[in-house]
Amino acid sequence: MVIPPRLVPRAGPNVWTGATMLPSHWMLPVGGEAAAELLAVAASLGGACPERREDAPMPRLGPVLREAADRLENGAGFALLRGLAADRFTPETAPAALLAVAAHLGAALPQDGDGALVAPPKRSTGQLLAEPADAVAMFCLRTLPEGEAVLLHSAASLHNELMRRDRAALAALHAPLPHRRRNSSAEPMMLPVFCSPGGAFVGRYDRASMVDALLDPAQAAAVAALDAAAAAPGQALAIPLRAGDLLLLNPHLVWRRCSAAPERADDAAAGPPRVLGAWLSTRTSRALPESFRPIFGETAAGARRGGIPIGPGMVGG
């Protein structure tokens, strides 16, 4: 007998809407000395990937990153560091800067089968994205075109909105739904969208991997209700990234998508990618449900987990 989940409203600083958020709630200004420190550390790494924060010492920026890490787990679920002088970074030092940040927060994770640790973030103008990581870092090297922004949603706020609008839909999203594995011929994974293992709220909405043909009518209606709640005016927070912005977010609490400006013919020839991204396993992460093991490998709080498998013996969905 399956016991239905007890539906309770979520509370705390990770419950927010775009309409209620001010820049002072999520922005952490970075002073000139801290910005120069990151540039110097990135240049000193010489292509090496730091394994520990001691390998990338940053006495000025380090405390700012610790504040950001606390906000990712215990605050709104995201933070934006502004003022990193992107024009002073090169195609070699910009990825190194992200790896130095990763070493202070935890560890960088492979984003593809070749083991790439830094890459342009995935883009999606419609569906919300679900990276297999405890944190996502996005370093903006060139200001986004006018009309383009990163849209962030509070998973807990959407949870509460469904509780108000459609409790049956919320209950369906707390129950396992079929998701496609990376090996698409394998048996689907059964994963919830919302859960609270060990009492800590987790929201993971991987719409692209849901197997629509296996959703029953109640599940399909629940997914549609969640999409409608996310599309409601005032829910999303739009952040038009500027050059030198470093956006950090916890995808277990904050879901993202992009609002795209029209394609520009000269953009591809304008230089390096506008934004570089890294996936992180963090030291302060929350516990995940056991059903997430095929994706993350480990589910214990603070465990090194996530990313894309790159060799034999690694777990992958």
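The values are calculated or read from the model by the stated rules, or taken from the named source; none is laboratory data. Just so you know, these numbers come straight off a predicted model, no measurement behind them. Quick reminder, even Gly has a Cβ in these numbers, built from the backbone with ideal geometry, and neighbours come from all protein chains shown.
Values for this structure:
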{"item": "Odd one out for G199 among (1) modelled with pLDDT under 95; (2) within 30 Å of P273 (Cβ to Cβ)", "result": "(2)"}
{"item": "Some residue of the range 236-256 being in a loop (DSSP other than H, G, I, E, B), at pLDDT below 95 and over 20 Å from the mean Cα position of the chain (by Cα)", "result": "no"}
{"item": "Some residue of the range 44-55 being in contact (Cβ under 8 Å) with a residue 12 or more places away in the chain and closer than 16 Å to L246 by Cα", "result": "no"}
{"item": "Condition check for P13: in contact (Cβ under 8 Å) with a residue 60 or more places away in the chain and either farther than 18 Å from A86 by Cα or of a type in the set (S, T, Y) (or both)", "result": "yes"}
{"item": "Hey, S281 among the polar types (S, T, N, Q), over 30 Å from V30 (Cβ atoms) and either in a loop (DSSP other than H, G, I, E, B) or at pLDDT 95 or above (or both) or not", "result": "no"}
{"item": "Total residues in the range 152-177, condition closer than 19 Å to T20 by Cα and either modelled with pLDDT under 95 or assigned to a helix (DSSP H, G or I) (or both)", "result": "9"}
{"item": "Flag for A79 being within 26 Å of S285 (Cα to Cα) and assigned to a strand (DSSP E or B)", "result": "yes"}
{"item": "Extreme residue, nearest to L248 (Cα to Cα), among residues of the range 12-28 that are of a type in the set (A, V, I, L, M, F, W, C) and over 17 Å from the mean Cα position of the chain (by Cα)", "result": "L28"}
{"item": "Selection from the range 85-140 of residues that are in contact with a Ser or Thr (Cβ under 8 Å, 6 or more places away or on another chain), under 15 Å from L248 (Cβ atoms) and either acidic (D, E) or not in a strand (DSSP E or B) (or both)", "result": "L105, A133, D134"}
{"item": "Near pairs, Cβ below 9 angstrom, 6+ apart or cross-chain, from the range 115-137 (hydroxyl-bearing (S, T, Y)) to any residue that is in a loop (DSSP other than H, G, I, E, B) and surrounded by 14 or more Cβ atoms within 10 Å (Cβ to Cβ)", "result": "T125/A260"}
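Residue-wise test of (1) closer than 29 Å to A228 by Cα; (2) buried (at least 18 other Cβ atoms within 10 Å of the Cβ); (3) among the β-branched types (V, I, T); (4) modelled with pLDDT of 95 or more.
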position	(1), (2), (3), (4)
V101	no, yes, yes, yes
G126	yes, no, no, no
H179	yes, yes, no, yes
L191	yes, yes, no, yes
